[in-house]
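Below is one structure, written out as structure tokens; the observations come after it.
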Amino acid sequence: MIRDEEKYLTSDIKLQAFLRLMLPNSFVGLNKTNPHRVNFVFEKTKELTELINGYLTRKEYLISPLSFAENIDQGKAMIYGDY
């Protein structure tokens, strides 16, 4: 089991899509304990933190637009139970 300090939670659908695209093995699952907000849970690592900081500071990454869009759709499906 991963302890809380070893997790990163986000409800940002685009950030989760980016992180799952760049570090797919870091995705742990969903946290639906709050009925008003679903969080995507990632294993917190130095590499994940660097990607988050890069995303938030608008660093440029080379990714597939189609894969990114698919990850957004998959994230929505996970939220609503269609995945």
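Bear in mind these aren't lab numbers, they're just calculated from the coordinates by the rules spelled out. The shown structure was predicted, so the numbers you read here are calculated from the model rather than taken from an experiment. Because the Cβ atoms are built from the backbone with ideal geometry, glycine has one as well, and the counts that use them run over all protein chains shown.
Starting from residues that are of a type in the set (A, V, I, L, M, F, W, C) and under 12 Å from Ile79 (Cα atoms), keep the ones in region 26-43 and report whichever is nearest to the chain's Cα centre (by Cα). So the residue we want is Phe40.
Residue pairs whose Cβ atoms lie under 6 Å apart, separated by 6 or more positions or on different chains, with the first residue in region 59-77 and closer than 17 Å to Asp12 by Cβ and the second surrounded by 13 or more Cβ atoms within 10 Å (Cβ to Cβ) and among the polar types (S, T, N, Q), are Gly75/Gln16. Just to be sure before I move on: is Glu50 more than 15 Å from Lys14 (Cα to Cα) and either part of a helix (DSSP H, G or I) or touching a residue at least 24 places away in the same chain (Cβ under 8 Å) (or both) in the structure I sent? The answer is yes for Glu50. Report, by residue number, each residue of region 31-44 that is surrounded by fewer than 17 Cβ atoms within 10 Å (Cβ to Cβ) and in contact (Cβ under 8 Å) with a residue 12 or more places away in the chain. Across region 31-44, the qualifying residues are Asn31, Arg37, Glu43.
The residue of region 49-83 that is farthest from Lys7 (Cα to Cα), among those that are among the aliphatic types (A, V, I, L, M), over 14 Å from the mean Cα position of the chain (by Cα) and loosely packed, with under 12 Cβ neighbours inside 10 Å, is Leu66. Only one of the listed residues (Leu19, Leu9) is of a type outside the set (Ser, Thr, Tyr) and not in a helix (DSSP H, G or I). That residue is Leu9.
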